[in-house]
1. When the range B:1-33 is examined, which residues are found to be within 21 Å of the chain's Cα centre (by Cα), away from ligand 2 (no atom under 16 Å from the Cβ) and among the aliphatic types (A, V, I, L, M)?
2. Which of (1) touching a helix residue (DSSP H, G or I) at 6+ places or on another chain (Cβ under 9 Å); (2) within 9 Å of another protein chain (Cβ to nearest Cβ) is the odd one out, the single condition A:Met484 does not satisfy?
3. With the condition kept exactly as written, say whether any residue in the range B:74-97 is away from ligand 1 (no atom under 16 Å from the Cβ), closer than 30 Å to B:Asp241 by Cα and under 17 Å from the mean Cα position of the chain (by Cα).
4. In the range A:114-161, what residues are among the hydroxyl-bearing types (Ser, Thr, Tyr) and assigned to a helix (DSSP H, G or I)?
5. Is the range A:317-338 home to any residue that is surrounded by fewer than 18 Cβ atoms within 10 Å (Cβ to Cβ), among the hydroxyl-bearing types (Ser, Thr, Tyr) and in contact with a Phe, Trp or Tyr (Cβ under 7 Å, 6 or more places away or on another chain)?
6. It is to be established whether one or more residues within the range A:415-426 are in contact with a helix residue (DSSP H, G or I) (Cβ under 6 Å, 6 or more places away or on another chain) and either within 14 Å of chain B (Cβ to nearest Cβ) or surrounded by 19 or more Cβ atoms within 10 Å (Cβ to Cβ) (or both).
7. Any chance the range A:232-239 includes a residue that's modelled with pLDDT under 85 and either aliphatic (A, V, I, L, M) or closer than 30 Å to A:Gln121 by Cβ (or both)?
8. Take the residues in the range B:16-68 that are within 29 Å of B:Gly244 (Cβ to Cβ) and among the charged types (D, E, K, R), then tell me which one is nearest to ligand 1 (Cβ to nearest atom).
Amino acid sequence: MPRAATVLTALAAGALIVLVGLPVLFILLQAVFPEFARGSLAEPFSKIVILTENDRLMVQTRNTLLLAVSVMIGSLILGLPVGILRGLCNVPGARIWDVIFLVPFLIPPFIAAIAWMMLLQPRGYLQQLLGFHMGGFLFTFAGVAFVMTLNLFPLVYFAVSRAFEAVGGRFAAAARVHGAGPVRAFVLITLPLSIPAVAASLLIVFAMSIEEFGTPAALAARTGFEVLVTGIYTRLSDWPIDLSGAALGSIILMALVLAAFTLQNWIATRRSYISQTGKPADAEKAELGRWRWPVLVLFGLVAAIGVVIPLATIAVTSFMGTISGGLSLSNFDTRHYAPIFSTGSRAGQALMTSGWLAVLTAFATAAIGGVVAYIVVRGTGRGRAVMDGLSVLPNAIPAIVLAVGVILAWNSPFLPLTLYGTAAILLVAYIGILLPYPIRYAVARLRQISGSLDDAARVAGASQGATLRHITLPLMAPSLIAAMMLVFAIASRELVASIMLAPAGMRTVGTFVFAQFEQGSVQTGMAMSVIAIAITSSILLAVNLWLARQGGSAFSG
Amino acid sequence: MNRITELQPAAVDLGRVTKRFGAGAPAVDDVSLQIAPGELVTLLGPSGCGKTTTLRMIAGLEDPTEGRITIGEDEVTHLPAEKRDVTMVFQSYALFPHMNVRANVGYGLKVARTPRAELTDRVEEALALVGLEAFAERPVDALSGGQQQRVALARALVMKPRVILFDEPLSNLDAKLRHHVRAEIRALQKRLGLTAVYVTHDQEEALAISDRVVVMNSGRIEQQGTPRDLYARPVSHFVADFIGSANIVPGEYDGSDIVLGDARIPHTQEITQGPVGVMIRPEAVRPAAQGLAGKVVSISFLGPVNQVDFDTPAGRVTGNLPDDAMGGLRPGAKVALSFAPRGLHLLPPRAV
Ligand SMILES: Nc1ncnc2c1ncn2[C@@H]1O[C@H](COP(=O)(O)OP(=O)(O)OP(=O)(O)O)[C@@H](O)[C@H]1O
Ligand SMILES: [Mg+2]
């Protein structure tokens, strides 16, 4: 191995250790040594006993699990029927439904939560329109689960429809050739073969509901219903600050996510009968016949609840002069958009801050992720083994846990200098949180690029560096760019790490919207949301169009 | 002028080369091999025997654990691939998917900062050599497998390599095309005087194309020689079995005769007297007035010949007999078998 490769390996490993490893290490140490933040190793394990015996920690853990399981079940109820229909039958407008069900990913969940509040709370839009409200439902456990389900059920929809499309076409045809009727083929072949993919998607739903901060923070705060994530937040924001409690909560959170992630990974790699590359057979789909309209109504209903209502509520709210003015044309006003476009205003600054933070995060994660992926796929020997292990670490770390770790690590008395209290600390946290995307994209892409291309360049006289520049990088570029756009979209409205780490006086899009909703103008918050959703949607759309134009399977990230 | 036809082939010398990947048996074990300028040498052997690894060490893509490699006058043992005048044609062709045919072929010259005019000329010449002038501007994924293979060949030739390496270059082509392309490769190699090392696990391909064949087994060289040599005089059961098909039956040798069952067959060969393995090529088997007693077990018609299985006191013997040598043989018939001397060879007894 040439020197350059060794140096690169060391740099990438160093970045992973500083950005992800160090925060986790400090959480572990803080959990064990209550006085660790003051540089003392006194009374190890003392807090663990107290916290596990009589504390809200256990209640929060139970609530978290309950919530995650409820959201899983909810996502199954909402996503499974439409997913199966989409996968096995000729649903009219199938591609359009696919696009519609992508929309929930574009609405930050806490903004959707605020929208549902505006709609369902006492004197909300529902009451104004129909004369009754559903505040009693929304501000409960069920309400939180409901809103989170609406955000996550598309994961199940897409996994189910893809699995059933692939399995239904190929294997079911084989089963029917061997004499099984359509129902038996479904029960004996399609269903069992699709279960792994569906289970894997449910585990992602599970992990994402455990990590979700905005929705419980917005809704559950009013009910006293606490989950681990809000509990950790409270421990760090309310006096007296409880570092050890936050660290312990983080460890439980991490363990849960790690378990879900490991199981998901295991199912996806060992138990999946669905080839990743084979294109699903479009033939052999059942015709709906007279079920056409009922099915369309079902799709329309799911789309209305999951997409149209929240989006419309966000937009309507942003155009209301005053909330108390209610839903009437005379109350229509565009003035809440004005501050966002005036430079120097808080809203404008928040937009700028999130913009450049997201751009820097995108470039940094792509650079680190690209190198990590290169070593994982093309490396040799010990460097590769170490990197392989390190590279999965960020997957198991929820955003709030990384934020806690960053607080603990970068406030440590052992540090000669710290980024804490500067905007750079946000960058550090964002990179740590979003690294998994570029790593995953780049690893997948590199695995498709044959290593003999590198060899061919080498025997043609290119050095390792030239091979990287001429061959590997150009071939990886589309997937890296796709990952960067995704990172940009998520980072530009990140909430939890921003709330916990932003230096005094600094606002991001996420914290701005959140603050407006807590003690300002909900309309301005929603106007900002409209802008943010529009920007990220158009970026993602543009990238997808561009990738499609690049064409060919060779470039699909 | 700087034409491909004026390339300078070099000799290759592997001196006791070993390659280990981690613990366990070495992938290439103490291999010594000399290749003369302009010679085409084939590495032949079963999957996993170390052919590709040997080739990659010559290319500089793999670093030998022990031993030394020279190309021409230069020791290159630890020289990286880009510093050797060696090119390679890969099994998967390894064409750069984001470049068209011209850019693929010209890539090496571009890296070497060849002046533009010369680069254009050389690429044209290389494409002409493989008959692809008309395809220069095509993207490589708009070519058939055979055409992609030629692009890979042109990309290797354009560098005027002192040594060219082929790693199973035909295995992705269908059988018809394979015969055709291998003849073309051989013709081009002779015409340009290329020093070539060619890897295959197809013995027929090896025999057809090579000046010399090197049979490898478990990382070692089992035997090397001309195709005729190897076919007529294999040194071991492994080689006899791997090259062509062979009956190998146990017998005794007393210095002048082979004792096989109740038959004695005159034979002279330098080999330790006593128990031996007797290799009998199927085409050497003929019914005769006297010889090894045999009984016909089965007959299958293969087209040019009939494959006849005989039970003999020495064991099962298979013969390939053309129709006019069959003499009305039927299953169950008893005959004496004689063996043409060209298809008879003694091997050391099989190790127990
Ligand atoms: N990069 C590597 N790391 C570890 N082991 C390797 C590596 N490359 C080759 N080997 C091992 O070395 C041995 C020889 O491999 P090689 O590829 O040279 O075989 P081959 O003769 O080309 O086989 P085939 O006909 O299947 O291509 C095999 O056992 C293989 O598993
Ligand atoms: Mg090989």
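1. Scanning the range B:1-33 gives B:Ala10, B:Ala11, B:Val12, B:Leu14, B:Val17, B:Leu33.
2. It is condition (2) that A:Met484 fails.
3. The first filter runs over the range B:74-97 and keeps only residues away from ligand 1 (no atom under 16 Å from the Cβ), leaving B:74-80, B:82-87, B:95-97.
Keeping just the survivors that are closer than 30 Å to B:Asp241 by Cα gives none.
Among the residues of the range B:74-97, not one is away from ligand 1 (no atom under 16 Å from the Cβ), closer than 30 Å to B:Asp241 by Cα and under 17 Å from the mean Cα position of the chain (by Cα), which makes the answer no.
4. Of everything in the range A:114-161, those that are among the hydroxyl-bearing types (Ser, Thr, Tyr) and assigned to a helix (DSSP H, G or I) turn out to be A:Tyr125, A:Thr149, A:Tyr157, A:Ser161.
5. Yes, some residue in the range A:317-338 is surrounded by fewer than 18 Cβ atoms within 10 Å (Cβ to Cβ), among the hydroxyl-bearing types (Ser, Thr, Tyr) and in contact with a Phe, Trp or Tyr (Cβ under 7 Å, 6 or more places away or on another chain).
6. Checking the range A:415-426: at least one residue is in contact with a helix residue (DSSP H, G or I) (Cβ under 6 Å, 6 or more places away or on another chain) and either within 14 Å of chain B (Cβ to nearest Cβ) or surrounded by 19 or more Cβ atoms within 10 Å (Cβ to Cβ) (or both).
7. Yes - at least one qualifying residue is present in the range A:232-239.
8. Going through the qualifying residues, I end up with B:Lys51.
The values are calculated or read from the model by the stated rules, or taken from the named source; none is laboratory data. As the structure is a computational prediction, the values presented were derived from the model and not from experiment. Heads up, the Cβs are rebuilt from the backbone with ideal geometry, glycines too, and the neighbour counts pull from every protein chain shown.
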